[in-house]
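**Student:** What follows is a single structure, and I will ask about it in a moment.
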Amino acid sequence: MAAGLRSDDQFTVTLGSSVVAADNILREAILRELPCKVPQVNVVTQHAIPILGTVLDALAEGGVAPIPAVRHTVLNSNPGC
């Protein structure tokens with residue numbers, strides 16, 4: 001069986017940089033247009049520091065699925081404190 005998304009699979013797009021997480025015209029356009037073009041998408045905004053997104057990417061590359069419990073643990077951690 002081939003890996004990847006099927007055309008009807010639900011998935012999440014996370015807006016997480018200061019540019020797309022801020023209340024601006026770019027974010028508004030993404031929130032307005034993306035669900036129209038890709039109805040199976042769920043768009044969320046994450047205001048965590050960028051390194052936490054990098055940790056999630058590294059975990060995914062290492063085979064750790066970004067299940068809600070993993071995302072919650074990483075994104076609610078407080079590195080450097």
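**Student:** Which one of 22, 65, 48 has the biggest mean-square fluctuation once the chain is modelled by GNM with Cα springs under 10 Å?
**Tutor:** Comparing 22, 65, 48 in the GNM, the peak value goes to 65.
**Student:** Same structure again: Each residue of the stretch 8-13 in turn: what ³J(HN,Hα) in whole Hz from Karplus with 6.51, -1.76, 1.60 and θ = phi - 60°, glycine and Pro shown as x?
**Tutor:** 9, 6, 6, 7, 10, 10
**Student:** Using 0.36 nm per residue of separation minus the Cα-Cα distance, give me the extension gain between residue 49 and residue 10 in nm, one decimal.
**Tutor:** 11.5 nm
**Student:** In the stretch 1-69, which trypsin sites (Lys or Arg not before Pro) are in a loop and have at most 15 other Cβ atoms within 10 Å, using DSSP for the loop call?
**Tutor:** Within the stretch 1-69, the qualifying trypsin sites (Lys or Arg not before Pro) (loop, at most 15 other Cβ atoms within 10 Å) are 6.
**Student:** Cut-off is 10 Å between beta-carbons; in what order do 51, 25, 30 appear when sorted fewest neighbours first?
**Tutor:** Fewest-to-most Cβ neighbours within 10 Å comes out as 25, 51, 30.
**Student:** Given that just one value was derived from the coordinates, which of (i) 15, 41, 36, 7, 0; (ii) 13, 15, 13, 13, 12, 11, 9, 7, 4, 2, 0; (iii) 15, 28, 26, 16, 9, 6 is P(r) over Cα pairs in 10 Å bins from 0, in percent?
**Tutor:** Here P(r) over Cα pairs in 10 Å bins from 0, in percent agrees with entry (i).
**Student:** For the chain, what's the relative contact order in percent, using C-alpha pairs closer than 8 Å and at least 6 residues apart?
**Tutor:** 29
**Student:** Please list, in order along the stretch 62-74, the HN-Hα scalar couplings obtained from phi with the Karplus expression 6.51 cos²θ - 1.76 cosθ + 1.60 (θ = phi - 60°), rounded to whole Hz, x for Gly and Pro.
**Tutor:** So the J values, rounded to whole Hz, are x, x, 8, 5, x, 5, x, 5, 5, 4, 4, 4, 5.
**Student:** What residues have an amide H closer than 5 Å to that of residue 13, excluding those fewer than 5 places away on the same chain, when H is modeled at 1.01 Å from N in the peptide plane?
**Tutor:** Correct list: 42, 43, 44.
**Student:** Using a 10 angstrom cutoff on alpha carbons, build the Gaussian network for the chain and name the most mobile of 16, 62, 53.
**Tutor:** 62
No value in this document is a laboratory result; all are computed from the given coordinates. Remember, it's a predicted structure, so these values are computed and weren't measured experimentally. Positions of Cβ are generated from backbone atoms using ideal geometry, with glycine treated the same way; all protein chains shown enter the neighbour counts.
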